[in-house]
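The values are calculated or read from the model by the stated rules, or taken from the named source; none is laboratory data. Note that the structure is a prediction, hence the values are computed from the model and not measured. Here Cβ is always computed from backbone atoms with ideal geometry, including for glycine, and neighbour counts include all displayed protein chains. These accessible areas exclude ligands, DNA and RNA; they are computed on the full protein's heavy atoms, side chains included. Shrake-Rupley method; radii C 1.70, N 1.55, O 1.52, S 1.80 Å.
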Amino acid sequence: KGKSQEGQSVTRPDLPDVALAVAPELQKAAEKLAPQRKDRTCYVHTYVGSQGPPKLSDPAERYQAWMLVRVGELQALGKSHQGAIETARAEFDKYCAAKFAWSEVTGEAGNVDEVLSALGFRLEKDCRLSEIAEGGALWQRSIRPVRKAFPGFAVVAVRRGRRKVEVSSPADFAEAFQALDDADGEDLWLYFERLDPPASRASVAKQEKEGEGDAEPEQEEPEEEEEEQAEESEADPD
């Protein structure tokens, strides 16, 4: 009880103290909802002044291009930003991409030979690159031969805007450009699978030599004198 400003008595409810203890089941449930630490990809920015950014190595250029196109695709498929980054980084061991302007092949989309000439490479029957023109459009995108006379790449898809078409032959490649001719967007993306280089003659010879070394050595037959001594010892009980 207490008194108001006018001197009248006021009855206050007798409230029990509020319990501060938390039930163990509720505590476990709350721990699952607590913020979890997760790794983030951080980008480093360096001021380079008026000289412009330094030239990156070919693998670094290919990595930047792949992450640029692939992270957005994976996010559109429902992955989180961090999940898309991790998946794209894992895929980069096997794939890469190159960005062109659609205007570079405008008017030539119906002729696969003219398209390939404009892009600076040639294809085998299975869409493997048989040649990359030095100084050509693809060469300038840092996709260059892995080894002399071995380009080391195969085209697996073509994309313009949001439309992406998978290819496995020069005929598919030509049809993809025709299908994308009316698509929205001015960016043209080519997707490549990186191929393992064939073993060199030196490595093949080394493997064969190591294989011979792993073989079990032939056991030499005992000489006649050793056989005779063994027979004598068996015959003589002493």
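Structure summary
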{"item": "Sites ASP196 and SER80 - FRET efficiency at Förster radius 25 Å, r taken between beta-carbons, to 0.05", "result": "0.20"}
{"item": "Segments 75-84, 25-34 sorted - mean Cβ within 10 Å per residue, highest first", "result": "75-84, 25-34"}
{"item": "Cα-projected label distance for SER50 with GLU166, points at 7 Å along beta-carbon direction, nm", "result": "5.2"}
{"item": "Pair ALA60, GLU31: separation of 7 Å Cα→Cβ label points (nm)", "result": "4.5"}
{"item": "Shape category assigned to region 97-175 from the gyration tensor of Cα positions, a/c cut at 1.5", "result": "prolate"}
{"item": "Built amide H within the under 5 Å cut-off of SER168, gap 5+", "result": "PHE173"}
{"item": "³J(HN,Hα) computed for each position of region 154-159 - Karplus, 6.51 cos²θ - 1.76 cosθ + 1.60, integer Hz, glycine/proline x", "result": "9, 6, 10, 6, 10, 9"}
{"item": "Phi-based couplings in Hz for region 129-138 (Karplus 6.51, -1.76, 1.60; Gly and Pro marked x)", "result": "6, 9, 7, 10, 5, 5, x, x, 4, 5"}
{"item": "Within the accessible area of region 88-168 (1.4 Å probe), percent carbon and sulfur", "result": "43"}
